[in-house]
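Structure record follows, encoded as structure tokens.
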């Protein structure tokens, strides 16, 4: 996929992309494919699919984030959406939270490769971050856990009146219905749900981005340790 093709595709979603941003994404994609040969980061290794299913998918939430936000990406993995947001939101600061050291090493390589000055890496589980509690304007997460579980991991990190944005697929609406109890307990409510479609080989892939607003401080007993969160979701 060349710059003009990607630019035209992004315009369909009201997203602007500069040639420099495209070049950064291209370098990122090529390094991802190379690194993936030794450490499994993604099943998607076709260049066009990386641009659509990883990069554009991450970019769909840009419209919900202020240009000078303090952002955290929980379970950043190969950097989606956090590293992509850092490329497009140069005045924001993005903290990538990832517990797996091999993935953190990859993220550090990409940050250095792209010379990104607005990224911090934390090699830790989200529920263990006591000092980071309620310190982010926006917390994002993609392909980590069901929304009822994910809410308990992410919302404690969000400032009061800040946003938690969950990037979900075709089952996002069902997950949202199952997460209503968790959101109530954690003092948050749904502000908006974006139902979108991305092109793929079979036609279109359904994407559901859930924007949640934190109304009050998270009760002090949350988050619990991960084994309890998983066994007994709120």
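None of the figures in this text is laboratory data; all of them are computed from the coordinates on show. Every value quoted in this text rests on a predicted model; they were computed, and no experiment measured them. Every residue, glycine among them, receives a Cβ derived from its backbone with ideal geometry; neighbour counts consider all protein chains shown.
List of remarks:
- Here region 200-234 and region 117-180 have alpha carbon centers that stand 6 Å from each other.
- Along its principal axes, the chain has C-alpha extents of 48, 34, 32 angstrom, given from the largest down.
- Cβ-Cβ FRET estimate between residue 7 and residue 185, R0 fixed at 35 Å, reported to 0.05: 0.20
- Here the gap between residue 124 and residue 15, fully extended at 0.36 nm per residue and compared with their Cα-Cα distance, gives a gain of 36.0 nm.
- Computed over region 68-109, Cα set: Rg, Dmax in Å: 9.8, 29
- Rough spin-label spacing in nm, given labels placed 7 Å along Cα→Cβ, for residue 143 and residue 67: 3.1
- Take the Cα of residue 197, step 7 Å toward its Cβ, do the same at residue 37, and the gap between the two points is 3.7 nm.
- Kirkwood-based Rg to Rh ratio, region 1-68, C-alpha trace: 0.99
- Look at 181, 26, 220, 141 and count the other Cβ atoms within 10 Å of each Cβ; fewest to most, that gives 220, 181, 26, 141.
- Kirkwood estimate for region 81-144, i.e. one over the average of 1/r between Cα atoms, Å: 12.4
- Tail weight of P(r) past 19 Å, computed on alpha-carbon pairs of region 169-233, percent: 47
- For residue 206 and residue 131, the FRET efficiency from 1/(1 + (r/R0)^6), where r spans their Cβ atoms and R0 equals 35 Å, is about 0.40.
- Tilt relative to the chain, helix 19-35 - C-alpha long axis, 0 to 90 degrees, to 10: 80
- Using the rule -39500 (n - 2.57) for each DSSP H run of four or more residues, divided by the residues of the chain, the 222 nm mean residue ellipticity is -9000 deg cm²/dmol.
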